[in-house]
Structures are given as structure tokens and as C-alpha cells.
């Protein structure tokens, strides 16, 4: 993560839905009717119910809209990290969290954002520590160090 704008926290709503046609549609339609943009969404199903996890651009308005649906829900603070859309970007973030001894309970990503980037959503044990770990300038990788050393040798003439 190169600067503080790449990391932030967000309010995630977890809404518990009956596994039947139309329940998910009614939630997202309510948000659409109230002109609330969904930034990220994940849907998980279980035998009796599904869990919709979502982040919006307007959490206070989303809270009011969801309260109007009278569905069981919870709120969590989650870590949001802007990632380049390239292989290894997610692996790098997860390795850095692991090296900081931060457990990731679950994660999901958006599909494309401005500038060809994506946003990773991470439910972690300690959001403040995760922000600190990911906000630090990352150390150079071993392969980069080796490449630098290899280039410092005098070239044969």
C-alpha cells in the first residue's frame, strides 16, 4: 500500500435473508429506490438462510433503508484496501497481515474500480493494527534484493 488513501475502514452490513426467491432482490431494490450505491457485496448461503454482506457509499442512509425492511442484521467495521488489478496483489496484502499476526475471518473483493483497481474487503481481528501494518512501507522482497546485488557486479568486458 503506497499511501494512506489506499487504506480505510468501512461499515459493512450483514443482512440475514430467508432462502427463497425475491428476498435478495427486495433488499437491493430498496437501496436502489433510496439512491444508495452498493460499493461491495457478498452473498453466502446456508441451509436455512443466506447472509448478504454489503458496503454502501452512504452507511447512515443504508442503515435507515435496511431498518425499514425489518430484517435481522448486524454491522461490522471492516478494512478496505485499494488493490491494483494484477496477480499477486491480494496475496501480498494477506501475507503482510499474516506477518503482523492479524487473523482474517473472511475477505471479498469488488470487481473493478476507478483506474483499473479493485477494493479488497477484510474482516480482521484488529482493524487499527491492520491499518498500521499495511500502512508501513513494505520491505523489499528477497528477489528484488538479489536483482539489485546481481546488477552491482562489474560486467565482463
Rank by packing, highest mean first: peptides 42-48, 124-130, with packing defined as the count of other Cβ atoms within 10 Å averaged across residues. 124-130, 42-48
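For residue 14 and residue 45 in the same chain, what is the full-extension length gain: residue separation times 0.36 nm, less their Cα-Cα distance, in nm? If you can, show how the numbers build up before the last one.
Numbers: separation 31, 0.36 × 31 = 11.16 nm, distance 1.24 nm.
Stretched out fully, the residue 14 to residue 45 stretch lengthens by 9.9 nm.
Fully extended, how many nm does the chain gain between residue 58 and residue 70 (0.36 nm per residue separation, minus their Cα-Cα distance)?
Gain on stretching residue 58 to residue 70: 2.4 nm.
Bear in mind that the values in this text are calculations on the coordinates, not laboratory data. Note that the structure is predicted; figures quoted are calculated from it, not measured. Because the Cβ atoms are built from the backbone with ideal geometry, glycine has one as well, and the counts that use them run over all protein chains shown.
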